[in-house]
1. Taking θ = phi - 60°, what integer Hz values does the Karplus form 6.51 cos²θ - 1.76 cosθ + 1.60 yield along region 21-31, in sequence order, with x for Gly and Pro?
2. Please give the peptides 166-178, 15-27 ranked by average Cβ packing (other Cβ atoms within 10 Å per residue), highest first, as a rough proxy for protection.
3. May I ask you to list the aspartates and glutamates whose Cα is less than 19 Å away from that of Lys150, ignoring any residue fewer than eight positions away on the same chain?
4. Under the 0.36 nm per residue contour assumption, what length would be gained going from the current alpha-carbon distance of Ala20 and Gln203 to full extension?
5. Where does each of Glu132, Glu30 land when they are ordered by accessible area, with a 1.4 Å probe and the largest first?
6. Based on the Cβ-Cβ distance from Ala90 to Ala144, what FRET efficiency comes out when R0 is 22 Å, to the nearest 0.05?
7. Roughly what angle does helix 156-167 make with the longest principal axis of the chain, taking Cα atoms, 0 to 90 degrees, to the nearest 10?
8. Just by accessible area at a 1.4 angstrom probe, what is the order of Phe102, Phe109 from largest to smallest?
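The values are calculated or read from the model by the stated rules, or taken from the named source; none is laboratory data. The model shown is predicted, which means the values in this text are computed figures rather than measured ones. Methodologically, a virtual Cβ is constructed for each residue, glycine included, from the backbone with ideal geometry; neighbour enumeration extends over all protein chains shown. For the accessible areas, the whole protein counts, side chains as well, though only heavy atoms, and no ligand, DNA or RNA atoms are used. Shrake-Rupley method; radii C 1.70, N 1.55, O 1.52, S 1.80 Å.
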Amino acid sequence: MSAAGSAAAPILALEGVRKAYNVGTPVEVEVLHGIDLTLAKGEFAALIGPSGSGKSTLLNSIGLLERPTSGRILIAGRDIAALDEAELTALRGRTIGFVFQFHHLLPAFTALENVMMPMVIDRGRPASAMQERAASLLEQVGLAAALHKKPAQLSGGMQQRVAIARSLAMSPPLVLADEPTGNLDTRSADEVFALMQRFNAEQGIAFLIVTHDPRLAERCPRRITLVDGRVVDSLA
């Protein structure tokens with residue numbers, strides 16, 4: 001655990017979280033079985049486990065993309081059960097950044113415009129301050145010379161750097177990364193991972209990273225292991 005996260009209140013808390021699909025039907029299946037988990041502000045953790053263990057379902061629940069069947073999820077101290085859909089969307093947009101295995105950049109827009117997008121969506125229209133923020137983030141990820149390039153003009157590693165910058169546009173205290181280096185070569189993967197480490201260390205942003213790469217998992221101060229929908233190990 002980083003120094004920033006050692007004594008801080010949790011940015012994330014799960015209490016007895018269960019997630020089932022097709023509830024009340026003959027084909028009901030429970031994927032998450034009573035997950036208890038906390039992540040402190042400023043922590044840098046890997047979420048690992050075999051395929052089919054429920055990692056994606058857990059990440060979707062933490063990312064407020066799906067509501068749990070039962071149990072509580074608190075983000076920055078707010079119980080999501082008390083929020084309506086509009087409030088949930090606002091909390092997700094302002095509190096959680098997302099980095100995916102596939103960068104999901106909009107091909108018709110430049111790197112600068114892609115990074116601005118979360119701010120424009122949140123506030124309804126672009127503003128000069130958003131452009132300045134996006135340009136600053138792209139500079140911080142080493143892409144000052146690529147502001148006006150479109151995704152097709154960038155390498156895979158550069159595109160993922162844009163995605164990281166975009167995830168930080170709203171200054172979220174928590175970033176969820178789902179296999180962020182899965183499509184990259186070793187060198188690019190190391191560079192992307194180092195960027196996330198730097199933002200964690202310098203800005204105190206908590207990162208929860210799903211990865212199948214044991215090299216990267218070993219470099220995380222905390223490793224949370226999920227097997228068959230249950231947390232079986234959480235090493236710090």
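1. Result, ordered by residue: 10, 6, 4, x, 10, x, 9, 4, 9, 9, 9 Hz.
2. The densest-packed peptide leads the list: 166-178, 15-27.
3. Glu113, Glu132, Glu139
4. Length gained, Ala20 through Gln203: 62.3 nm.
5. Correct descending sequence by accessible area is Glu132, Glu30.
6. On the way: r = 31 Å, r/R0 = 1.42.
E between Ala90 and Ala144, to the nearest 0.05, is 0.10.
7. It works out to around 70 degrees.
8. Largest accessible area first, the list is Phe102, Phe109.
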